[in-house]
Each structure stands twice: as structure tokens, then as C-alpha cells.
1. Can you run phi through the Karplus equation (6.51, -1.76, 1.60; θ = phi - 60°) for segment 271-278 and list ³J(HN,Hα) in whole Hz, with x for Gly and Pro?
2. Could you list which residues have their amide H under 5 Å from that of MET184, counting only those 5 or more apart in sequence or on another chain, with H placed in the peptide plane?
3. Suppose the chain between HIS113 and ALA177 were pulled fully straight at 0.36 nm per residue; how much longer would it get relative to their current alpha carbon spacing?
4. Per the Kirkwood treatment, what hydrodynamic radius in Å, one decimal, follows for segment 152-305 from the mean inverse distance over all distinct Cα pairs?
5. Just want to confirm a number: the relative contact order over segment 1-158, from Cα pairs under 8 angstrom separated by 6+ residues, in percent.
6. Once both labels are modelled 7 Å past Cα along the beta-carbon direction, what's the ALA281-LYS61 spacing in nm?
7. So how many Lys-Lys pairs in the chain land under 17 Å Cα to Cα, not counting same-chain pairs under 8 apart?
8. For a quick check: sort THR242, THR285 by the number of other beta carbons within 10 angstrom, fewest at the front.
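Values quoted throughout were computed directly from the atomic coordinates according to the rules given, and no laboratory measurement underlies them. Just so we're clear, the structure is a prediction, and the values are computed from it rather than from any experiment. With ideal geometry, Cβ positions are generated from the backbone for all residues, glycine too; neighbour counts draw on all protein chains shown.
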Amino acid sequence: MTGSRPTSLFGNTSLLEPSHVEGDPDTRLYTGDCRQVLRALPDAGSVDLIFADPPFNWDVKYGDWDDDLPREEYESFTKEWLDACIDVLAPHGSMWVNIPDDSAAEIVMHLKHRGMSMVNWCIWHFRFGQCRQGAFITSKVHALYFCKDPSNRTWNPDPILEQSDRASIYGDPRTMAKETNKGMRVPMDVWYGKYWGRIQGNNKERRHSHRNQLPEVYLERVILSCSNEGDLVLDPFTGSGTTCTVSRATGRRSIGIEFSDAIADSAWDRIINVGMIRKDAARGTSSAIAPPRRSRRADEAASDA
């Protein structure tokens with residue numbers, strides 16, 4: 001997550017060129033203020049999916065970004081990049097915003113005022129929140145899922161199915177008797193489990209020059225469910241490059257925007273040379289919080305057999 005203290009928007013952006021580009025599938029990374037780059041993109045109106053993990057304004061060092069703006073200035077910046085994202089999104093497109101408690105409500109209201117429709121208000125839950133004594137420990141971030149047209153949005157549930165509790169805990173034969181997707185369900189709106197934690201310590205995904213990196217399984221779920229192979233995915237705050245990395249691994253075209261040249265170079269190395277580390281690692285698994293135990297129905301079914 002990077003950017004810069006908001007300044008007046010450029011004048012002439014007609015000569016916009018990506019700082020990094022690669023084909024098969026088309027992957028582009030632009031450096032600059034995302035508000036300016038978004039307004040100059042040749043892809044306006046044709047982006048299928050946007051995923052945004054913006055600066056949280058928590059006074060964290062992200063390259064040249066001033067992450068301690070006065071609240072009014074931060075909210076103005078937030079509305080500007082949200083509006084620019086809406087303008088480049090296709091009529092059938094969807095938009096996700098990853099944001100903490102202190103800005104979630106403002107973003108929801110602004111997107112609704114702009115005519116966007118909320119599909120889900122999901123929660124990314126992690127077990128290792130930052131320790132504190134003065135209040136409850138924060139262990140979540142909001143994953144806000146909006147679209148332009150609820151009746152004409154891309155939605156692919158099958159690639160993201162997980163084992164249901166009914167199957168993984170109880171071994172209930174009724175769920176295995178379904179005609180399709182036996183023992184499986186669409187994930188609930190609170191996301192957690194193996195590989196879903198914060199990227200820190202010696203995690204294999206960790207990029208040491210980046211802060212607040214999101215797990216690959218998070219982006220994989222969003223990208224597989226809300227876009228199709230060959231679609232165009234955009235991330236206005238590239239950071240460590242997770243969105244473009246997962247997009248390439250799943251056959252999507254992608255655009256990243258990053259303010260810092262140094263962070264962009266590091267992200268590009270990951271996108272092109274390192275690639276996705278945990279592809280399919282969490283797909284089809286169980287997120288149950290109870291150990292397996294047999295139900296009475298399962299025992300009856302076993303005895304009848």
C-alpha cells in the first residue's frame with residue numbers, strides 16, 4: 001500500500017506509459033498517484049474487477065507516502081480515488097475495498113451515494129492482532145464487495161467452494177447425497193483459516209520491503225469468484241504486488257498502480273520472477289472450528305450399509 005500526500009491533479013496525462021509491462025497475460029504496472037493514473041488509463045470503462053487496499057492513515061512508512069494526513073484531507077483523498085475507480089469500472093464490474101474499522105462506514109456510504117450496490121460486507125479475520133491493553137485487540141479488516149449492476153455482475157461460486165461444517169465435522173450423509181457440490185458450500189462472509197493469517201515473520205509469502213501484505217488466498221478467492229479468465233483486474237495501490245501476482249497465476253490480465261518507484265520495482269520482481277506461492281492451497285478445504293465428530297445420521301447410514 002503506497003501513495004503520496006494528495007496534491008493537485010496533473011494537467012496533461014495523455015502520454016501515460018506503464019513503467020513495467022509483460023505479456024501472456026497482459027500485465028502492466030504504472031507509477032504515480034493513482035488518481036492521476038486512473039484518469040489517464042486507456043482502459044476506462046472496461047475494467048472487470050478492482051481490488052483496493054489503500055493506505056490506512058495509521059502513520060506507517062510506505063515509500064514516500066505521508067500516512068498521517070489530517071482526517072478531512074484523508075477522507076477527501078479517499079473519495080477522489082474511489083470516484084476514479086468507479087469511472088474506469090465496466091458496467092458489469094465489481095469492486096472490493098480492504099479497509100479497517102475507522103474508515104469502513106465512510107467508504108460504504110460514499111459508494112452507495114455514487115450508485116454502487118453492496119453485495120457483501122465480508123470480514124478478513126486473523127488470530128495475531130497487535131497486542132494492546134486499552135481496548136479489545138483488533139483482529140479483522142473489512143472486505144467491502146460492491147458492484148455497478150447486481151443483475152449483471154460476474155459471480156463464479158464453484159471455484160471457491162469450501163467443505164461445509166455439516167460434511168467436515170458431522171459427516172452428515174445428506175450433504176453427500178446432493179446432486180452437485182457434495183459436502184461443499186460457498187464460503188461464509190468471515191474469512192479465516194490456514195494461510196489466511198497476516199503475512200509476517202518467516203511466512204513464505206513475505207516480502208521484507210513491504211508493509212501490511214495480504215495473503216494470496218484472500219486475493220485468489222476474490223479474483224476467482226468475481227472475474228473470468230482473460231478479464232482485466234486493477235489494483236490502484238499495488239504495494240507488494242499480490243493482486244497482479246494472483247491475477248497472472250489465474251490467467252487474468254492486470255493493471256497495478258504504485259506511487260513509489262522502489263516499491264514498484266520490488267513488486268514487479270515478485271509478479272514476474274517469483275509468482276504465486278500458494279495457488280489452490282486453501283481451495284476446497286474446511287474452515288471448521290470444531291473437531292470432526294460423527295452425527296447420529298452418519299452412524300445410522302453406516303449401520304444400514
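1. 4, 9, 9, 8, x, 6, 8, 10
2. Here SER164 satisfy the definition.
3. Working: separation 64, 0.36 × 64 = 23.04 nm, distance 4.47 nm.
The span from HIS113 to ALA177 would gain 18.6 nm if fully extended.
4. Values: mean 1/r = 0.0574 Å⁻¹.
For segment 152-305, inverting the mean 1/r across all distinct Cα pairs yields 17.4 Å.
5. Working: 236 pairs, mean separation 35.4, N = 158.
The value is 22 percent.
6. 2.7 nm
7. Working: LYS79/LYS112; LYS79/LYS148; LYS112/LYS148; LYS140/LYS194; LYS194/LYS204; LYS194/LYS279; LYS204/LYS279.
Close lysine pairs under the 17 Å cut-off: 7.
8. Working: THR242 28, THR285 15.
Neighbour counts put them in this order, fewest first: THR285, THR242.
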